[in-house]
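Q: My structure is below; once you've seen it, I'll send some questions.
The values are calculated or read from the model by the stated rules, or taken from the named source; none is laboratory data. Every value quoted in this text rests on a predicted model; they were computed, and no experiment measured them. With ideal geometry, Cβ positions are generated from the backbone for all residues, glycine too; neighbour counts draw on all protein chains shown.
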Amino acid sequence: MAIWSALLLSLAGLMGAAGVALSAYAAHADGGANLVTAATFLMIHAAAVAGLCASAQTRRGLLQAASLLVIGAVLFSGDISMRAISGETLWRMAAPTGGMILIAGWLWLAVAAFMGRRLR
């Protein structure tokens, strides 16, 4: 059962990374509505799978992955929101930096799935 959980958690990480990358591509592509839908589905289901696996057992590396996701989301979403509201940016490369940190967080999750269990 442990290998199945590790595989599912790793796939959640890969789905999340793909969702972020696909969203970035859709933002720059003409007619990217379908890509946005695909990215949204990947992200929602990646989070659901990761949550289910994390609640089933504690693994090393999950807090680091979560930290990267929080930092990346704040940078990416904060910069995009500022641009939409005020026309200003956090800094020139805040959104792409945040996106790369989000991808790194999801990839960290994929790797953390195979780190040893630490229950206590």
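Q: Just give me the residues in region 8-21 being at pLDDT 85 or above and of a type in the set (A, V, I, L, M, F, W, C), in sequence order.
A: Selection gives Leu11, Ala12, Leu14, Met15, Ala17, Ala18, Val20, Ala21.
Q: Using the structure shown, decide if Ala94 is within 19 Å of Met15 (Cα to Cα) and modelled with pLDDT of 90 or more.
A: no
Q: Only residues that are under 22 Å from Gly105 (Cβ atoms) and without any contact (Cβ under 8 Å) to a residue 12 or more places away in the chain: list them for region 25-40, please.
A: Across region 25-40, the qualifying residues are Tyr25, Ala27, His28.
Q: Kindly provide the set of residues from region 93-103 that are surrounded by fewer than 18 Cβ atoms within 10 Å (Cβ to Cβ) and either in contact with a helix residue (DSSP H, G or I) (Cβ under 7 Å, 6 or more places away or on another chain) or among the small types (Gly, Ala, Ser) (or both), ordered by number.
A: The answer is Thr97, and nothing else.
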